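Bear in mind these aren't lab numbers, they're just calculated from the coordinates by the rules spelled out. Quick caveat: nothing in here was measured; it's all calculated off a predicted structure. Every residue, glycine among them, receives a Cβ derived from its backbone with ideal geometry; neighbour counts consider all protein chains shown.
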């Protein structure tokens, strides 16, 4: 009884919330916004170094967002591997030796690697970019892991931590180099903007794939424990 | 010069996060202490610059708002940057000694610590709605990672609850951001505020502000959305609890306060302002009451945080449709409350960690006899308590005094009752800890003695909280500084 | 009614559904799925609303991309925490001990 009443109450609250939100959206949608950001953006696009506006926003106009966003990914990766207490993140039990999977893998892994490369390159003038490429790359890694291909670099050692931090580090170094060069923090020097963005995108792809794969692999667990503060067990 | 300070402020925490990720705990500690030095110097330098020349806007990447992300470097922001530098260095110093370097997973403490710090700096300086969201997530995820570090079931339970609450809060905030962008076409808070001063308020814009403030209130653990806070703050390692209580909850409150002060007058209304104030008052009473009834020492301190956060939300009614001077008084009172609570609560958690380390149990009744053995830590705990009880000359007293004046002058006398009851109840839970520790225990004196430096750190913080009341004039004068000439830094 | 406005309204509905799931469900994985549904709703509102009248706008598209990455990071971290929590305590929800025998994920 109480359960039903509670469900009913929550349902009513959520319905009311949806209604108010939809009404608000309906009202807002009628009026044009006072600032025309897309126009401002297209006026400045040729100074950004890339042709695709979304990539320009991500890696030039609002690059600070992207820098912090990669930081968030790295945090998730760190917190994830901090849960794994063994010397290796690989759990042999989770490998499947399915012959179909194995056959599929031989076709798919190279294909997916090429696709990741294409997505990365496409980002400069059409939809695509570091994150999409990184996601495909991570999916390749997941497929390889399921098929039992050993991946030594996934030990929680220095190599993995270096891989997690690589994209972030390069991004940060470019940001600081621009500050040392006398521009503002995160401003790319004119002329080599495109080169820098391509470099950043490539290392970001690797790092994003690495973080996602590390999180996928570190989800299985073992029994190591830490004693709670104060309990002298 | 300013360029260097800004780059240093934004760059050092992120760079040190990477550096410490590549080392083990012991080496990470040395690297961190070096980084703390840099960060403190840079924060102090920026504070002095702003105190001398006034605030400015700083466009990142050379792009100004609304196209790029602008940082707002004003007196309030640099004061909080400096506060963060003080509290975080104290916690970092304490953690380096307190945390066991032999557990392999403790190496991940340092990178998370530095990411947390960089997120805090991003939030204090942020003036872009979406950038603030990313900053908040940076803070939340690293805080959750710090709580979960060690991976015990109870810690995971607390951190999962914390994570889900934080994520829901962020989504509500982001939904508000989406509505704001749809309505105004810009993400710059200053841009929206200046447009609103010249034009009539468009219909349907109140919901965006309400959603954002509700989400942030959940992240700040405003009553009745506070249940996630005590387990998370209680179970984390003491330096982590200190960071969470002193700084992390303040970040989301800071954004809510900034939004309210810039946009509350046109977009808010009287009922919601009074309602938020009422919830804050309920938090003061209910949090203090529960703090009196907890059996675990750190739970007492954590519930005390719920109560002290409640005071902060009195900002909303005390700045809505009141005279300029009352509003300023309320803002100053709340700022002092944030600073004094940050210092006092960090001191309290660190001292509590020492006490727990010494008696080997986290229960309040296990403290019996510790007064003879660890008087220094207990004294720090008490000094911090003086600030929470708002006795003169502490910063807490100065803060409550300003709030009292603001309530009386705006005719909202009912908040005075909250201030009085809250003060009495906080005295009750602080004295309860003292009573427990002055009891003589029949058992033998099996106490472990923590390192001397562990005891010094909370004492310094507690003294700072206590002395804040004496220098509140100077602190507040920097915050009230006007902006430089509009536009270029 | 244009297509972007429809996206925004559907987004509002997804927000409501996700909110209901977050408040009502107790299984942690379901809560996490509800969070993702609500997140998708927010992203739809974010990308739909500004493009209703202004035409194509790359800024919200970029913001949503950033938002998705942040949501993925949070989701992945939550799954790691949930799996370890289940492994250690055998529980799939945060509510009291009584619900612990509901059975775990396959």
Quiz item: Which whole number gives the average, over all residues in C:12-21, of C-beta atoms from other chains lying within 10 Å of the residue C-beta?
Solution: 6
Quiz prompt | Cα→Cβ-extended label distance, 7 Å offset, between residue B:293 and residue A:126, nm | solution = 6.5
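For chain B, what relative contact order do you get, as a whole percent, if you take Cα pairs closer than 8 Å and at least 6 residues apart?
Values: 847 pairs, mean separation 78.3, N = 489.
About 16 percent, as a whole number.
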Exercise. Enter the angle in degrees (range 0 to 90, nearest 10) between the Cα long axis of helix B:270-293 and the first principal axis of the Cα atoms of chain B, meaning the one along which they spread out most.
Key: 0
Practice problem: For a quick protection proxy, order the peptides B:317-330, B:193-206, A:58-71 by their average other-Cβ count within 10 Å, most packed first. | Solution: A:58-71, B:317-330, B:193-206
Quiz prompt | FRET E, pair residue B:432, residue C:33, Förster distance 51 Å, beta-carbon r, rounded to 0.05 | solution = 0.70
Exercise. Let me know the mean shielding of B:166-177 by other chains, meaning the per-residue number of their Cβ atoms within 10 Å of its Cβ.
Key: 6
Quiz item: At a Förster radius of 51 Å, what calculated FRET efficiency corresponds to the Cβ-Cβ distance of residue B:440 and residue B:227, to the nearest 0.05?
Solution: 0.90
Quiz prompt | Mean Cβ count within 10 Å, highest first, over the residues of peptides A:206-212, B:111-117 | solution = B:111-117, A:206-212
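Given a Förster distance of 56 Å, report the FRET efficiency between residue A:143 and residue B:44 from their Cβ-Cβ distance, rounded to the nearest 0.05. Before the final figure, lay out the partial values.
On the way: r = 52 Å, r/R0 = 0.93.
Efficiency for this residue pair is about 0.60.
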Quiz item: What whole number of Å gives the distance from the Cα centroid of region B:147-218 to the Cα centroid of region B:85-99?
Solution: 30
Quiz item: What is chain C's relative contact order, in percent, from Cα pairs under 8 angstrom and six or more apart in sequence?
Solution: 27
Exercise. Quick one: divide the alpha-carbon radius of gyration of region B:122-264 by 2.2 N^0.38 Å and tell me what you get.
Key: 1.11
Self-check item: Cα-based Rg of the protein assembly as shown normalised by 2.2 N^0.38 Å, two decimals
Solution: 0.91
Self-check item: Nearest 10 degrees, 0 to 90: helix C:3-24 Cα axis against chain C principal axis
Solution: 20
Quiz item: At residue B:321 and residue A:31, where each label point lies 7 Å from the Cα along Cα→Cβ, what is the point-to-point distance in nanometres?
Solution: 2.0
Quiz prompt | Cα-based convex hull volume of chain B per residue, rounded to whole Å³ | solution = 128
Quiz item: What Rg and what Dmax come out for region B:270-489 when only alpha-carbon atoms are used, in angstroms?
Solution: 19.0, 69
Quiz item: Roughly how crowded by other chains is peptide B:152-165, in terms of the mean Cβ count from those chains within 10 Å of each of its Cβ atoms?
Solution: 6
Quiz item: Cα-Cα pairs above 23 Å in region C:3-90: how many percent?
Solution: 32
Quiz prompt | Coarse-grained scattering of region B:340-418 at q = 0.11, 0.27 Å⁻¹, given as base-10 log I(q)/I(0) from a Debye sum over alpha-carbon atoms | solution = -0.40, -1.16
Exercise. Would you work out the relative contact order for region B:270-489, in percent, from Cα pairs under 8 angstrom that are 6 or more residues apart?
Key: 27
Quiz prompt | Prolate/oblate/rounded label for region B:281-381 (Cα gyration tensor, a/c 1.5) | solution = prolate
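Order B:44-52, B:56-64 from most to least packed using the mean count of other Cβ atoms within 10 Å.
Values: B:44-52: 17.7, B:56-64: 20.9.
Peptide ranking by packing, descending: B:56-64, B:44-52.
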